[in-house]
Amino acid sequence: MIRRTAVLLGAFATALLCAASGTPDTGSHQRLGPGDIDALTPTGPGAGTSGVSGIQTRVLKGDPTRSGLYTIQLTVPANTRIEAHLHPDDRVATVVSGIWYFGYGARFGQKQLKALPPGSFYTEPPNEPHFARTGSSPVVVQITGFGPTGTRYTDAQDTTSGKQR
């Protein structure tokens, strides 16, 4: 009984330490509820994002800068426009909340955008340009890919500061 209690206390302390550090468990077993994800410390636009100012990134699994599977959650502010860009890795994504307007092509095109409500799925094939925007509400998307990832804009004049509209 004492041994079992010690083991349970050790496991609890390890889980508490991971939660307090804001770093997700990188083991093969992982269960994060919405509150657990919200408790992770967000960073600004990071690896695998468009780099647009205001985006918050939470790494849920892996490390997008290294070889291997990763999942990131992006919170994109309302009225944000992300110009055409691409990533070297094959990625899939799900819209968690808000309406995400997403399109494919080398130039941002309002007519190419499709409104994706919560629960929608889309792909970002490797080296295929795409663009997006939010409307009057923020959007949360989760993206999974196989790193290392990166971002390259299709127009050299576009910057990673993005455009608020």
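The values are calculated or read from the model by the stated rules, or taken from the named source; none is laboratory data. Not measured: the values here are computed from a predicted model. Using ideal geometry, Cβ is built from the backbone for each residue, glycine included, and neighbour counts are taken over all protein chains shown. What goes into the accessible areas is simple: the full protein's heavy atoms, side chains included, and nothing from ligands, DNA or RNA. Shrake-Rupley method; radii C 1.70, N 1.55, O 1.52, S 1.80 Å.
Scan region 29-64 for residues that are over 18 Å from ALA93 (Cα atoms) and outside any loop (DSSP other than H, G, I, E, B) and the total you get is 5.
Which one is surrounded by the most Cβ atoms within 10 Å (Cβ to Cβ), of the residues in region 130-165 that are more than 20 Å from PRO88 (Cβ to Cβ) and modelled with pLDDT of 95 or more? My answer is VAL139. Residue check: GLU124 meets all listed conditions (1) in contact (Cβ under 8 Å) with a residue 60 or more places away in the chain; (2) surrounded by 20 or more Cβ atoms within 10 Å (Cβ to Cβ) but one, namely (1).
Would you mention how many residues in region 86-98 are assigned to a loop (DSSP other than H, G, I, E, B) and either small (Gly, Ala, Ser) or touching a helix residue (DSSP H, G or I) at 6+ places or on another chain (Cβ under 7 Å) (or both)? Walk me through how you get there before you give the answer.
Taking region 86-98 as the starting set, the residues that turn out to be assigned to a loop (DSSP other than H, G, I, E, B) are 87-90, 98.
Narrowing further to those that are either small (Gly, Ala, Ser) or touching a helix residue (DSSP H, G or I) at 6+ places or on another chain (Cβ under 7 Å) (or both): 98.
Number satisfying all stated conditions: 1.
Restricting region 86-106 to residues that are over 20 Å from PRO42 (Cβ atoms) and of a type in the set (Ser, Thr, Tyr), the residue that is most open to solvent (accessible area, probe 1.4 Å) is TYR104.
For region 67-85, filtered to residues that are out of contact with any Ser or Thr (no Cβ under 6 Å at 6 or more places or on another chain) and part of a loop (DSSP other than H, G, I, E, B), the residue that is most open to solvent (accessible area, probe 1.4 Å) is SER67.
Are any residues in region 25-66 open to solvent by 60 Å² or more (accessible area, probe 1.4 Å) and acidic (Asp, Glu), and if so, which ones? Of everything in region 25-66, those that are open to solvent by 60 Å² or more (accessible area, probe 1.4 Å) and acidic (Asp, Glu) turn out to be ASP25, ASP36, ASP38. The requirement of being more than 13 Å from VAL139 (Cβ to Cβ), free of Cβ contacts under 8 Å to residues at least 60 places away in the same chain and not polar (S, T, N, Q) is satisfied by ILE37. Test TYR122 against the stated conditions and say whether it is at pLDDT 95 or above and touching a Lys or Arg at 6+ places or on another chain (Cβ under 6 Å). For TYR122, the condition - at pLDDT 95 or above and touching a Lys or Arg at 6+ places or on another chain (Cβ under 6 Å) - is not met.
Just one of the numbered conditions (1) assigned to a helix (DSSP H, G or I); (2) modelled with pLDDT under 85; (3) surrounded by 11 or more Cβ atoms within 10 Å (Cβ to Cβ); (4) not hydrophobic (A, V, I, L, M, F, W, C) is not true of THR5: (3).
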